[in-house]
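What follows is a set of notes on a single structure, which appears directly below.
The values are calculated or read from the model by the stated rules, or taken from the named source; none is laboratory data. Remember, predicted model here, so these are calculated numbers, not experimental data. Virtual Cβ from ideal backbone geometry, glycine too; neighbours counted across all protein chains shown.
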Amino acid sequence: MKHIIAYSFLFLASGLYSQTSIRAELNEKINNREYYQLANGHASKIVATYTVDPYFFESPKYTLERWEYNFIGKDSVSGFAKKDGDLVYNFAFKLDALQRKIDLKERTKSYLSGWILSHVKYTYKDAFKDLHIYKADGTLNYRVRVAFDSLGNPNYLASLDAKNNFQAIALAEYQYDQKYYNYSIMNATGRVLLEEVQYYNHDYIIQKNEKGDVVKMYEPFEPVFLGIIYLIDYKYDKRGNWTQKKVTTQTPEGTWVSLQIRRKISYVD
């Protein structure tokens, strides 16, 4: 059996995906913070480079990526991402007071269809958030509403067209004590398109350090008995923001360093 590193680490920089899903929302919650987000202080520029080795005893083993964020004040950010030296992503977004994206414009490289442009605006409430996806001409294309349960996990996702007509609905019914959720998708007529059971361990955190960062965790999307555990080591700067992060994956097949991130932070003051 071969194990892949958790989605929560593969998609740390989730800006590449404007649209969303139940799984993507869970990943975002597990991530906690993206590269541009700091625990303390304000940056003028952040450069994050990382190598990924998701598989054990497989080739090719490593992927190198570089993310660069340039800040204009405290609420505007622009930058790019490169994969193995190749430009794959450009972005510009605005932030609210909680460092959440509220307006995102991006250009993503597709090796099949060239560069893909997208524009998304976000609004947030206590129990839900809305994503407004716009066409290239600036008119609204469709909207996605995501609702969350009392534990902060996504349990309802609805896609609506520009006239507020339902297109599809996804539901997640969590069985927390049994560590799974019943997942279903329905179209606008209420016809069930998909029903399946997906594993999710809400209690994936084993240990945190004194700064509140997770240092040991189970793979959230695999059964605990498979024995997949992540150990996370951090190095911090004088302001308490991490500048190095190393993830070691432990499985019954072996142990290896699956992710290494270095973050260079230039502060405003």
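The table below lists the values:
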item	result
Condition check for Leu38: part of a loop (DSSP other than H, G, I, E, B), closer than 25 Å to Lys216 by Cα, at pLDDT 70 or above and among the aliphatic types (A, V, I, L, M)	yes
Output for the range 184-240, where each listed residue is loosely packed, with under 13 Cβ neighbours inside 10 Å, assigned to a loop (DSSP other than H, G, I, E, B) and acidic (Asp, Glu)	Asp203, Glu210
Residues satisfying the stated conditions in the range 44-56, i.e. at pLDDT below 95 and out of contact with any Lys or Arg (no Cβ under 8 Å at 6 or more places or on another chain)	Thr51, Val52, Pro54
Check on Asn141, among the polar types (S, T, N, Q) and under 27 Å from Asn182 (Cα atoms)	no
Any strands (runs of 3 or more DSSP E) falling wholly within the range 52-159 and containing at least 3 residues that are surrounded by 12 or more Cβ atoms within 10 Å (Cβ to Cβ) and hydroxyl-bearing (Ser, Thr, Tyr)	114-124
Residues of the range 162-183 that turn out to be surrounded by 14 or more Cβ atoms within 10 Å (Cβ to Cβ), out of contact with any Pro (no Cβ under 7 Å at 6 or more places or on another chain) and in a strand (DSSP E or B), as a count	9
Failed condition for Trp256, given (1) out of contact with any strand residue (DSSP E or B) (no Cβ under 7 Å at 6 or more places or on another chain); (2) assigned to a strand (DSSP E or B); (3) aromatic (Phe, Trp, Tyr)	(1)
Members of the range 135-146 that are free of Cβ contacts under 8 Å to residues at least 40 places away in the same chain and either within 15 Å of Lys163 (Cβ to Cβ) or under 19 Å from the mean Cα position of the chain (by Cα) (or both)	Lys135, Thr139, Leu140, Asn141, Tyr142, Arg143, Arg145
